[in-house]
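Asks: What follows is a single structure, and I will ask about it in a moment.
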Amino acid sequence: MGTKSLCLLLASVLVAYYVYTPVPETIEERWKLMLINAGFRSVAHVAEFAEWLGLVHYMEVLMMITSIEYTAPISDENVTVTDTKFNNVPVRLYVPRKQSSGLKRAVIYIHGGGWCVGGSAMEPYDLLSRWTANELNAVVISVEYRLAPMHHFPVQFEDVYAVVKFFLQTSVLARYGVDPDRVCVSGDSAGGNLAAAVAQQLLDDPEVKAKLKIQALLYPALQTLDLDLPSYKENENKPILPKSLMVRFWSEYFTTDVSLKEAMASNRHVPAESSHLFRFVNWSNLLPEKFKKDHVYASPIYGSSKLGKKYPGFLDPRAAPLLADDTKLFGLPVTYVLTCQHDVLRDDGIMYVSRLRKVGIEVIHDHIEDAIHGALMFITSPTDLALGHRVANKYIEWLNVNL
Ligand SMILES: *[C@@H]1O[C@H](CO)[C@@H](O)[C@H](O)[C@H]1NC(C)=O
Ligand SMILES: *[C@@H]1O[C@H](CO)[C@@H](O)[C@H](O)[C@H]1NC(C)=O
């Protein structure tokens, strides 16, 4: 064997080694998913290296994916698309062209991306909003909230809240021909987190007259306290959201100070003074047996009280909606929760389902056995997956029937 072929063989082995990730057998299009995931991992490695060299912040490199996927607001034969501002916050607005005699429905959509990346103009989000507007003949408002590390909590929450509050005004609903009784807030991942937080906050706001009909939480992140849940343990290295990245997203939401990230990574970030909050995320009570499996519940290990004082945001229900007391959950709208089996955030969603049902909220829980986190991102070529289309159809179909 010549040197050339030896090098080629070695290179192929290295590439195969790099591309290979343990994707569960039950997941369709495994090799395509592995390739996509290898793409994400390469960007993450470049980000780590560039940050280590002191060139840029990690998230600035990840943000490249968002920029590459940018699409202009282009209207089509069914939907008029414009970029505008509601209450000074940029939004992408989708208004169906079809004339209808009655009032329309509306969906306020909040994109994911760990509060640090992503955007309403990204191709998959743009497409999802078009499909929703088209299928439901609904007005869709996709919120372009500000991101970390430039802006930390509560800016993301406040931007989204400002948009929702603006839109729910009687005069604004009327301007868009929207039925005040048929408005939904919905979001995926970090967007599901913001949707859940906004829905809770609206209940306490005397200035808002219109009520949400439903909230749709798609593989949402809902709690900061326990980053060692069974789903975190089982899916630590699954595509496309490894635990290390989720920890980075959570800590970055509050601060760029690495001490919070390090404390979160070892799950020792909650001060003893906040021990009472652990009952809201106690998976030993809140997860059905099927998800507990043979995991053993361990009592929390507390961290220094300095972190909690410096960054109180991570103990705030506006950042972690599962930390809201039961009395704050009464009055929430009908809730759709979509969870994925192979997702670190799976148990956040399932625990919220348990908590909402306990206080009598109607919850529809779609658990997808063969799904990974971020499934909805994979609906555009060349990175589309049958899974992405299936999840998108399921969600939009549910909206169509229930909104
Ligand atoms: C417009 O709507 C029709 C009917 O739902 C659909 O067949 C067509 O593909 C839509 N056009 C676009 C550009 O999405
Ligand atoms: C969590 O629930 C288990 C089982 O009910 C219980 O033994 C444990 O004390 C609880 N822990 C906390 C922190 O609430």
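The values are calculated or read from the model by the stated rules, or taken from the named source; none is laboratory data. Predicted model, so just to flag it, every value in this text is computed and none were measured. Positions of Cβ are generated from backbone atoms using ideal geometry, with glycine treated the same way; all protein chains shown enter the neighbour counts.
Asks: Out of the residues in region 9-32 that are modelled with pLDDT of 90 or more and of a type in the set (Asp, Glu), which is nearest to residue 234 (Cα to Cα)?
Replies: Applying the filter and picking the extreme gives 28.
Asks: Right, residue 61: more than 16 Å from ligand 2 (Cβ to nearest atom), surrounded by fewer than 17 Cβ atoms within 10 Å (Cβ to Cβ), closer than 26 Å to residue 261 by Cα and aliphatic (A, V, I, L, M) or not?
Replies: It is false that residue 61 is more than 16 Å from ligand 2 (Cβ to nearest atom), surrounded by fewer than 17 Cβ atoms within 10 Å (Cβ to Cβ), closer than 26 Å to residue 261 by Cα and aliphatic (A, V, I, L, M).
Asks: Sticking with this one: Tell me, which residue of region 128-149 that is part of a loop (DSSP other than H, G, I, E, B) and touching a helix residue (DSSP H, G or I) at 6+ places or on another chain (Cβ under 9 Å) is farthest from ligand 1 (Cβ to nearest atom)?
Replies: It comes out as 149.
Asks: Which number in (1) among the small types (Gly, Ala, Ser); (2) under 17 Å from the mean Cα position of the chain (by Cα); (3) over 17 Å from residue 322 (Cβ atoms) marks the one condition that residue 210 misses?
Replies: Single failed check for residue 210: (2).
Asks: Looking at 338, 315 in this structure, which one is out of contact with any His (no Cβ under 7 Å at 6 or more places or on another chain) and surrounded by 22 or more Cβ atoms within 10 Å (Cβ to Cβ)?
Replies: That would be 338, the only listed residue that is out of contact with any His (no Cβ under 7 Å at 6 or more places or on another chain) and surrounded by 22 or more Cβ atoms within 10 Å (Cβ to Cβ).
Results for (1) within 16 Å of ligand 2 (Cβ to nearest atom); (2) in contact with a strand residue (DSSP E or B) (Cβ under 8 Å, 6 or more places away or on another chain); (3) of a type in the set (D, E, K, R), shown as yes or no for each residue.
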{"residue": "263", "(1), (2), (3)": "no, yes, no"}
{"residue": "272", "(1), (2), (3)": "yes, no, no"}
{"residue": "292", "(1), (2), (3)": "yes, no, yes"}
{"residue": "302", "(1), (2), (3)": "yes, yes, no"}
{"residue": "315", "(1), (2), (3)": "yes, no, no"}
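Asks: A follow-up question, please. Take residue 35 and tell me if it is within 21 Å of the chain's Cα centre (by Cα) and under 22 Å from residue 236 (Cα atoms).
Replies: No; evaluated as a whole, the condition is false for this residue.
Asks: Can you tell me which of 233, 243, 290 is within 30 Å of residue 25 (Cα to Cα), modelled with pLDDT of 95 or more and over 23 Å from the mean Cα position of the chain (by Cα)?
Replies: Sole residue among the options that is within 30 Å of residue 25 (Cα to Cα), modelled with pLDDT of 95 or more and over 23 Å from the mean Cα position of the chain (by Cα): 290.
Asks: May I pose another question? Just the residues that are farther than 21 Å from residue 347 by Cβ and hydrophobic (A, V, I, L, M, F, W, C), please, taken from region 274-320.
Replies: Residue satisfying the conditions is 307 alone.
Asks: Search region 293-307 for residues that are within 12 Å of residue 229 (Cβ to Cβ) and pair each with any residue that is within 16 Å of ligand 2 (Cβ to nearest atom) and of a type in the set (Gly, Ala, Ser) when their beta-carbon atoms are under 6 Å apart and the residues are at least 6 apart or on different chains.
Replies: Sorted first by the residue in region 293-307, then by its partner, the pairs are 297/284.
Asks: Can you run down the residue pairs with Cβ atoms below 8 Å, 6 or more apart or on separate chains, where the first is in region 238-256 and over 16 Å from residue 343 (Cβ atoms) and in contact (Cβ under 8 Å) with a residue 24 or more places away in the chain and the partner is among the hydroxyl-bearing types (Ser, Thr, Tyr) and in a helix (DSSP H, G or I)?
Replies: Taking only residues 6 or more apart or on different chains, the pairs are 248/58.
Asks: Has region 278-291 got at least one residue that is without any contact (Cβ under 8 Å) to a residue 60 or more places away in the chain, away from ligand 1 (no atom under 16 Å from the Cβ) and hydrophobic (A, V, I, L, M, F, W, C)?
Replies: The answer is yes; a qualifying residue exists.
Asks: Being outside any loop (DSSP other than H, G, I, E, B), of a type outside the set (Val, Ile, Thr) and either away from ligand 1 (no atom under 16 Å from the Cβ) or loosely packed, with under 15 Cβ neighbours inside 10 Å (or both) is the requirement here; does residue 236 meet it?
Replies: No, not satisfied.
Asks: Check off (1) polar (S, T, N, Q); (2) out of contact with any Lys or Arg (no Cβ under 9 Å at 6 or more places or on another chain); (3) more than 30 Å from residue 247 (Cβ to Cβ) for residue 169 and give me the number that stays unchecked.
Replies: Only one criterion is unmet by residue 169, namely (2).
Asks: In a helix (DSSP H, G or I), over 28 Å from residue 342 (Cα atoms) and without any contact (Cβ under 8 Å) to a residue 40 or more places away in the chain - does that describe any residue in region 51-61?
Replies: Yes: one or more hits.
Asks: Restricting to region 311-337, name every residue that is touching a Lys or Arg at 6+ places or on another chain (Cβ under 9 Å) and among the small types (Gly, Ala, Ser).
Replies: Scanning region 311-337 gives 324, 331.
Asks: Test of understanding: among 48, 25, which residue is free of Cβ contacts under 8 Å to residues at least 12 places away in the same chain, exposed (fewer than 15 other Cβ atoms within 10 Å of the Cβ), more than 16 Å from ligand 2 (Cβ to nearest atom) and in a helix (DSSP H, G or I)?
Replies: When all the criteria are applied, what remains is 48.
Asks: Would you pick out the residues in region 1-23 that are touching a helix residue (DSSP H, G or I) at 6+ places or on another chain (Cβ under 9 Å) and more than 22 Å from residue 382 (Cα to Cα)?
Replies: 1
Asks: Of all residues in region 48-105, which are over 25 Å from the mean Cα position of the chain (by Cα), modelled with pLDDT of 95 or more and of a type in the set (S, T, N, Q)?
Replies: Hits for region 48-105 are 75, 78, 80.
Asks: Looking at this structure, is residue 229 crowded, with 20+ Cβ neighbours inside 10 Å and within 16 Å of ligand 2 (Cβ to nearest atom)?
Replies: yes
Asks: Name every residue in region 73-91 that is in contact with an Asp or Glu (Cβ under 7 Å, 6 or more places away or on another chain) and within 16 Å of ligand 1 (Cβ to nearest atom), in order of residue number.
Replies: 73
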